[in-house]
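Step one of this worksheet: look at the structure below.
The values are calculated or read from the model by the stated rules, or taken from the named source; none is laboratory data. Because the structure is a prediction, the values reported are computed rather than measured. Here the Cβ positions follow ideal geometry from the backbone for every residue, glycine too, while neighbour counts run over all protein chains shown.
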Amino acid sequence: MTIDNLIFDLDGTLIDSSEGVVEAVNYSLRRIGEPEQPPERIKAFIGYPLSQMYPTFTSAPVKELYRHFQEKASETVVSSTVVLPGVAEMLHFLHDQGYRLGIATTKIKNHVHGIIEKFQWHRLIAAYCGGDEVRRVKPDPEILLLALRRMGVGADNSMAVGDTINDVLAARAVPMTVTGVASLYGGRQKLLEARPDFFIESLPELPSVLNGLQKEAL
């Protein structure tokens, strides 16, 4: 197997924007008179659709909560985002090795764009897709298929990389190779039960996986 292209999830895989997400979620709850939620409870849903999270907190209309969330998130998410340890160096290394890199995430496109701008990843990322650009987010494969089209590549020599079961299920549905990475937000057991092709504890281990595949292909 030869892998030439890599499509990354964003939150919990490349970056941590949990501080801004927690602030925006609790802001939206306060706006409708609901109690705030503990940060750890909110973080467990990062990387999943807001429509999946809010019903566990309240019976209020998700549409209204979503509107309030985005109102605050426009101020907090990009500004609070930090790159996970070793990720920036790894992205530069993989790009310089000739891999084509993309991003496919449930985050809205404006936030993805802001994060790429903040960390000056324009040279590294060939294409990116946000969750508001597709009708169905992960675990549906639509966003990965869109990323493949924008990158101008096929699935056979591409790998998805993400930290949740939804990343694995979406890749399986394409179908394409997938590597699971342990998430700082939890959900490890579910991720392993989805049986990704490869599993790593942190993203800087990814080049070793790719090197192994290259040697097998020789």
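Some points to look at:
Okay, residues lined up against (1) crowded, with 17+ Cβ neighbours inside 10 Å; (2) touching a residue at least 40 places away in the same chain (Cβ under 8 Å):
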| site | (1), (2) |
| --- | --- |
| Gln52 | no, no |
| Pro55 | no, no |
| Arg67 | no, no |
| Thr76 | yes, yes |
| Ser80 | yes, yes |
| Leu91 | yes, yes |
| His95 | yes, no |
| Gly98 | no, yes |
| Ala104 | yes, yes |
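- Flag for Thr2 being within 20 Å of Asn166 (Cα to Cα), among the polar types (S, T, N, Q) and surrounded by fewer than 14 Cβ atoms within 10 Å (Cβ to Cβ): no
- Hey, Ile42 at pLDDT 95 or above, surrounded by 14 or more Cβ atoms within 10 Å (Cβ to Cβ) and touching a Leu at 6+ places or on another chain (Cβ under 7 Å) or not: no
- Considering residues of the stretch 106-141 that are buried (at least 17 other Cβ atoms within 10 Å of the Cβ) and without any contact (Cβ under 8 Å) to a residue 24 or more places away in the chain only, the residue nearest to Asp4 (Cα to Cα): Ile116
- Filtered residues of the stretch 172-195 (kept if of a type outside the set (A, V, I, L, M) and either modelled with pLDDT under 95 or over 22 Å from Phe93 (Cβ atoms) (or both)): Arg172, Pro175, Ser183, Tyr185, Gly186, Gly187, Arg188, Gln189, Lys190, Glu193, Arg195
- Any hit, the stretch 174-187, residues being more than 16 Å from Leu14 (Cα to Cα), without any contact (Cβ under 8 Å) to a residue 24 or more places away in the chain and small (Gly, Ala, Ser): no
- Criterion applied to Ala73, Ala60 was being under 30 Å from Arg100 (Cβ atoms) and not assigned by TED's automatic domain parsing to the domain that holds Ile165, and the one residue passing it is Ala73.
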